[in-house]
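The values are calculated or read from the model by the stated rules, or taken from the named source; none is laboratory data. Computed from a predicted model, the values in this text were never measured in an experiment. As a convention, Cβ positions derive from the backbone with ideal geometry for all residues, glycine included, and neighbour counts pool all protein chains shown. Just so you know, the surface numbers come from the protein's heavy atoms only, side chains and all, with ligands and any DNA or RNA stripped out. Shrake-Rupley method; radii C 1.70, N 1.55, O 1.52, S 1.80 Å.
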Amino acid sequence: MKQRKIPMRKCVACQEMMPKKSLMRIVRTPDHEVKWDPSGKVSGRGAYLCAKDSCLETAEKKKALERALKTDVSKEVYSILRQQIREWTEANHGS
């Protein structure tokens with residue numbers, strides 16, 4: 001039996017290729033709202049990020065999310081994403 005292909009995506013912060021399911025999708029909706037997309041199905045421009053605080057900090061410093069989403073990302077959005085990363089990590093890895 002043929003093995004299914006695993007979709008790979010690149011983290012905008014660390015540039016590491018990883019399986020799509022292990023990354024968080026951040027999306028800019030058509031209304032220019034930036035938010036986390038846990039389903040991976042929200043319409044809009046998406047960017048993938050490792051579920052690590054260090055990658056979010058790198059993305060914030062290098063303005064990687066701004067470049068990938070082609071919009072400004074406010075400090076409030078980064079703090080919300082930081083909290084969501086912690087919750088997602090705890091839920092998926094039981095830390």
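Selection within the stretch 50-69: residues that are in contact with a Lys or Arg (Cβ under 8 Å, 6 or more places away or on another chain) and modelled with pLDDT under 95. The member of this set that is farthest from R9 (Cα to Cα) is D53. All conditions in (1) surrounded by fewer than 17 Cβ atoms within 10 Å (Cβ to Cβ); (2) out of contact with any strand residue (DSSP E or B) (no Cβ under 8 Å at 6 or more places or on another chain) hold for K20, with the sole exception of (2).
The set of residues in the stretch 48-89 that are surrounded by 18 or more Cβ atoms within 10 Å (Cβ to Cβ), touching a Cys at 6+ places or on another chain (Cβ under 9 Å) and not in a helix (DSSP H, G or I) comprises Y48, L49, C50. Contact map, the stretch 1-24: residues that are touching a residue at least 12 places away in the same chain (Cβ under 8 Å) paired with residues that are open to solvent by 80 Å² or more (accessible area, probe 1.4 Å), Cβ distance under 6 Å, separation 6+ or inter-chain. Pairs shown: M8/M17; K10/M17; P19/I6; K20/R9; L23/R9. Scanning the stretch 28-46 for residues that are more than 19 Å from R86 (Cβ to Cβ) and in contact (Cβ under 8 Å) with a residue 24 or more places away in the chain, which turns out least open to solvent (accessible area, probe 1.4 Å)? Per the criteria, the residue is R28.
Here are the criteria: (1) at pLDDT 95 or above; (2) more than 13 Å from the chain's Cα centre (by Cα); (3) not polar (S, T, N, Q). Tell me which single one A47 does not satisfy. A47 satisfies all of (1) at pLDDT 95 or above; (2) more than 13 Å from the chain's Cα centre (by Cα); (3) not polar (S, T, N, Q) except (2).
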